[in-house]
Amino acid sequence: MDLYKENYRKLLQLLPVLHDINGPARLTALGYSDVNIDVIERHKHRLVLRMSHYLERLHGSAIPDPDMTVEVFLAAETVGALTYTDCFGSRKVFCPELMAFSPLVKAELNSFLSQWLTKMIDDGREQSQPEQKTTVI
């Protein structure tokens, strides 16, 4: 199985509502900080998600580390990395300012994505259920 299909299978395991997601979601596991997922773009066959794990700092607010943008092709059942940011900097597969594509960055980011998804599965992460609002009468 190629890496893009493998990443799709892993993401679907973590986020069973992948095909129907329209808003934010969280992947939680006891003893770990949440991974937040936001829908950036949604089309019939393509979905762009932002996945952010917030690092708690000793001083100041939490920062996303890592923060990845991934592209999901629903019909093809593939997931590929587009961007990556951590406390040291950022990388992107395609640089629109230079009209440049980097196969090396693409390979490295997709390899990292595979490792990160595997770690989240091994940590026991699962999609948290939305909190139910209660009305007091």
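The values are calculated or read from the model by the stated rules, or taken from the named source; none is laboratory data. What you see is a predicted model; the values in this text were computed from it and never measured. Reconstructed Cβ throughout: ideal geometry from the backbone, glycine too, with neighbour counts over all protein chains shown. Heads up: the accessible areas ignore ligands, DNA and RNA and are worked out on the full protein's heavy atoms, side chains in. Shrake-Rupley method; radii C 1.70, N 1.55, O 1.52, S 1.80 Å.
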Note down the accessible area of Cys95, probe 1.4 Å, to the nearest 10 Å². 30
In the full protein assembly as shown, how much of Arg42 is accessible to a 1.4 Å probe, in Å² to the nearest 10? 80
Neighbours of Ile37 by Cβ distance under 10 Å: Lys/Arg at +1, Asp/Glu at -1, summed charge 0
If DNA, RNA and ligands are ignored and the probe is 1.4 Å, what is the ranking of Ile121, Ile21, Ile40 by accessible area, most exposed first? Ile40, Ile121, Ile21
Taking 0.36 nm per residue of sequence separation and subtracting the Cα-Cα distance, how much length would be gained by fully extending the chain between Ser33 and Val48, in nm to one decimal? 3.1 nm
